[in-house]
Amino acid sequence: MLRFVKINLYFILFFATFAIFANPPNPIYKTYQAAQKALQQKDTIEAKKHLKELIRLGPTQFQNPFLFFDIYLQLISLEIKETFYKDAKEHIARLKTYKVPKEVTFAIGFLKAELKTKEESIESAYIALQKLKKQLDFASWPQEQKTFHHAISFQQDQAYDMLLAKADEAFQNKDFPLALRYFEKIACAIDQNLYPKASQKPQIETHLYFYAAKTLSNLKEDNRAIQYYKKLLETLQTKKDLVQIQFEIGASYYRLKDYNNATQYLQHVTKKELDTTPFFMPASLLQIQAYYFLNEIAKGQVLLIDITKDPLIKKTLFLKIANLHIEYLNKEYSKMLFECAQAHLQKIPPSEDATYLKIHLLSIEYTQKKEPLIYQEIKRLIPQISSLSKQARIFYLLCHRAPNPFEKTQWISKLLNSKYSHTNSYKKINVEVGKTALQNAKQALLQKRHSLAKKEFIEAEKRLSIAKKMETDPFQCAALDQLIQECLQHLYTLSEL
């Protein structure tokens, strides 16, 4: 820190010294000498008294005004040291009313920076010093001012190093809102050149942007996470890092349901030459699902068959891949994919999940071949499923793949049992039964079978109301409400007959 801010530029000192010694001793010189002696003896009260006495004379009383300004700067520096900050600010304001040379303006800037370290913060002092760098090249600064700048920069770095450590700790503790607050403050400091070390060590920026993006992903703010990941793409040094960031961007777009952008980034990670990276398989699975939602079934099937044949595939992914087989086969049947799925299922150890997937695959096979033995095998396996949600999904599936209307009615009846009322399948079957009942009611109304029409309208209104209570999508709710109102309107009309 500055003890006393003096104008250390050689020519200023030269003229100031000349002004003192070129003339015989006078009262101004005696007072100046007394002030300097008091400063050397650390008698601040006496020094301030003499310095103020000299300042009251004004610059016109000095043969060289540089001496006057030097005295002013000494007084301000002394007041800062003695914590008389209000007095220091008043004297800075007064000094600026004089027509001061550039060198004095520069010295005032340092005094203001030092004052900021006392009254405001290290950061505000650092900002003031950065402005001074624009006035005078740093290489030309006096050594004392350079030392002050280095000290402030060091403290500024320490503050942000500590903040980064706190951000990392909050991230590890899964306190993501707090971590984000810290990360964003550091990112803002880097953007404003307030974190000196970050400009010299690119790994700080890399670390910051990566974990800020990860934090945003955990907070389900993937749009903002993508912005940080894209900043990283501009600074990455290795191919491995590039692959990881492309995966993270692709995964973020996938979570945002922006499947076109997701596949654009994921396809860079799913190249054959990258199949040994830890991101290859997760990226492949996401890309297959993205193709599914984009209805690019052929592309998805090719990639799905490729990864299924991978001998290094982890056993933990067997069920996930089998699920993808089922989803694709339900959307578009492919004999090659079906055989691939069958072979894959045989690798999965016996479990309820494996049985559930086997039932799905058998139902697809039954749809293709219509062989009664396949249907009987499905019915034989169902009791092995204990999960109510899985049972409900199987019943819903068989409602659409039953061999005859009687069997279909049986599956619908089972699914409408209240024990499945928490499942999505229960909601979907209520919608379908409600819509079917509404169509039957309208048909009966046309045939003037009013009693049957009334019965069907009541059933339709009941089922659609159940589905509406379970629906979370506002658009679907509005559509169901419209159908319910139609039922109620018809029931009111029938009651008037």
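The values are calculated or read from the model by the stated rules, or taken from the named source; none is laboratory data. Predicted model only: the values in this text are computed from it and were never measured. Please note: Cβ atoms are built from the backbone with ideal geometry, for glycine as well, and neighbour counts cover all protein chains shown.
Data for the structure
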item: Test: Leu219 is more than 14 Å from the chain's Cα centre (by Cα) and either surrounded by fewer than 20 Cβ atoms within 10 Å (Cβ to Cβ) or aromatic (Phe, Trp, Tyr) (or both); result: no
item: Residue tally, condition modelled with pLDDT of 70 or more and closer than 18 Å to Thr44 by Cβ, over segment 55-74; result: 5
item: Hits in segment 304-325 - residues which are over 13 Å from Ala354 (Cα atoms) and among the charged types (D, E, K, R); result: Asp306, Lys309, Asp310, Lys314
item: Criterion (at pLDDT 90 or above and over 19 Å from Ala251 (Cβ atoms)) met by exactly one of Glu184, Glu205, Glu221; result: Glu184
item: Segment 258-281, residues that are at pLDDT below 95 and part of a loop (DSSP other than H, G, I, E, B); result: Thr270, Lys271, Asp275, Thr276, Thr277, Pro278, Phe279
item: Condition met for Tyr426 (touching a residue at least 24 places away in the same chain (Cβ under 8 Å) and farther than 24 Å from Leu317 by Cα); result: yes
item: Subset of segment 451-474 (residues that are over 14 Å from Gln485 (Cα atoms) and out of contact with any helix residue (DSSP H, G or I) (no Cβ under 6 Å at 6 or more places or on another chain)); result: Ser451, Lys455, Lys469, Thr472, Asp473, Pro474
item: Subset tally (residues that are surrounded by fewer than 15 Cβ atoms within 10 Å (Cβ to Cβ), in contact (Cβ under 8 Å) with a residue 12 or more places away in the chain and of a type outside the set (Phe, Trp, Tyr)) for segment 328-342; result: 5
item: Conditions (1) modelled with pLDDT under 90; (2) over 22 Å from Ser387 (Cα atoms); (3) assigned to a helix (DSSP H, G or I); number of the one not met by Ala460; result: (1)
item: Single residue of segment 251-271 satisfying the filter (of a type in the set (A, V, I, L, M, F, W, C) and in contact with an Asp or Glu (Cβ under 9 Å, 6 or more places away or on another chain)) that is surrounded by the fewest Cβ atoms within 10 Å (Cβ to Cβ); result: Leu256
